[in-house]
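Below is one structure, written out as structure tokens, with a few remarks after it.
The values are calculated or read from the model by the stated rules, or taken from the named source; none is laboratory data. None of these values were measured; they are calculated from a predicted model. Because the Cβ atoms are built from the backbone with ideal geometry, glycine has one as well, and the counts that use them run over all protein chains shown.
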Amino acid sequence: MDWSGTKVIDYTGEQVGAALRVSPGTAERRLSIARTLVDRLPATLDLLRCGQITYPYAMKLAEAVITFDDETTAKIERRVLTRAAEQTLSQFGTSLRRAVIAADPRRAAQRHDETVAQRRVVFTPQDDGVTELWALLPADGAALIEAVLNSLATGQTHDRSADQRRADALVDVFARVLGDPPLPEQHGQRPAIQVSASLGTLLGCDNQPAELDGYRPITSAVARRLATDSSGTWRRVVTDDTGQLLDYGRRTYRPPANLTDHVIARDKRCTFPGCRCPARLCDLDHGEAWREGGETNSETSAPYAPDITLPSTTPAGG
């Protein structure tokens, strides 16, 4: 307020922003840095004036000391300016971080704990069949991942770039974990990634888009490749042209109602040689024994009269 009690609004940020043709927020940031240099970092300002350091050096230092008192700020300044004129900006940044930690180890540890508490992994689907994977991790955990990926990518064939080899190695690591027996099950099943595709697409009769669980539609070529993968990583779900499930893989032993209706309508009668029992009075069973890896789908399921016993009438252990 001025001498008359009238509230004075400071438009300095707006005026500086207009003069420099930057946003008011950017102008305020530069003003804050300038004030810190003039009021609290005189030695840094002197080096900047004589050209021994550039503005990014001064900016980094000014922003790093904003929460410290004047005495601590002076200690940090003296420590980092000793070699600043000889260092690259990256080297100066490392020295500055070391000085800030040394100036107040307790506060540095607190900031570390608060930031690590925000650790997370984010999956962001992108177009054209790729997903962006972003993670905020403790530095030591990230260093561990980097060391492993670099090791796995070293010595491989060089028909791929280093970035491509590391990306492929990251996927390979988790593919191996997915095959680890102790991995916790979900709803009584081992974790797997579901791919839903029409039967016509999988047979190559058409090229309708398929659906990758947790992503978006994928191309028919990718769907066929994943559906034939033998690693057990992918759970294939086949649908008819209306989206009704026809193939449940090994997700369930007993055929669900829609698959039962489909098989009964298709076969009409018991498929055991010589048997004429109507399919509606039959039990659906697997052509390949469930205990030997048989799957529940329209190709392997068929109606058999109730008095016909096949090796696949019960699941393994059931």
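Just a yes or no: is a residue in region 50-63 at positive phi and outside the structural domain of residue 216 (by TED's automatic domain parsing)?
Of region 50-63, the ones at positive phi are 51.
Filter once more, keeping what is outside the structural domain of residue 216 (by TED's automatic domain parsing): 51.
Yes, region 50-63 contains at least one residue that is at positive phi and outside the structural domain of residue 216 (by TED's automatic domain parsing).
Considering every residue within region 51-68, establish whether at least one is loosely packed, with under 12 Cβ neighbours inside 10 Å, part of a helix (DSSP H, G or I) and of a type in the set (Asp, Glu).
no
Regarding residue 223, is this residue at pLDDT below 85, outside the structural domain of residue 132 (by TED's automatic domain parsing), of a type in the set (Gly, Ala, Ser) and under 23 Å from the mean Cα position of the chain (by Cα)? Please lay out each step first, then the result.
Details: at pLDDT below 85: yes; outside the structural domain of residue 132 (by TED's automatic domain parsing): yes; of a type in the set (Gly, Ala, Ser): yes; under 23 Å from the mean Cα position of the chain (by Cα): yes.
Here the answer is yes, as residue 223 does meet what is asked.
I need every pair where a residue in region 108-126 that is more than 30 Å from residue 171 (Cβ to Cβ) and touching a residue at least 60 places away in the same chain (Cβ under 8 Å) has its Cβ under 6 Å from the Cβ of a residue that is among the β-branched types (Val, Ile, Thr) and in a strand (DSSP E or B), sequence separation at least 6 or different chains.
Between residues of region 108-126 that are more than 30 Å from residue 171 (Cβ to Cβ) and touching a residue at least 60 places away in the same chain (Cβ under 8 Å) and residues that are among the β-branched types (Val, Ile, Thr) and in a strand (DSSP E or B), there is no close pair.
Output the residues belonging to region 130-169 that are farther than 26 Å from residue 111 by Cα and in contact with a helix residue (DSSP H, G or I) (Cβ under 6 Å, 6 or more places away or on another chain). Break it down into steps so the answer makes sense when it comes.
Our first condition is that a residue be farther than 26 Å from residue 111 by Cα; within region 130-169, this holds for 130-132, 148-169.
Once the filter is applied, which keeps residues that are farther than 26 Å from residue 111 by Cα and in contact with a helix residue (DSSP H, G or I) (Cβ under 6 Å, 6 or more places away or on another chain), region 130-169 yields 149, 152, 153, 156, 165, 166, 169.
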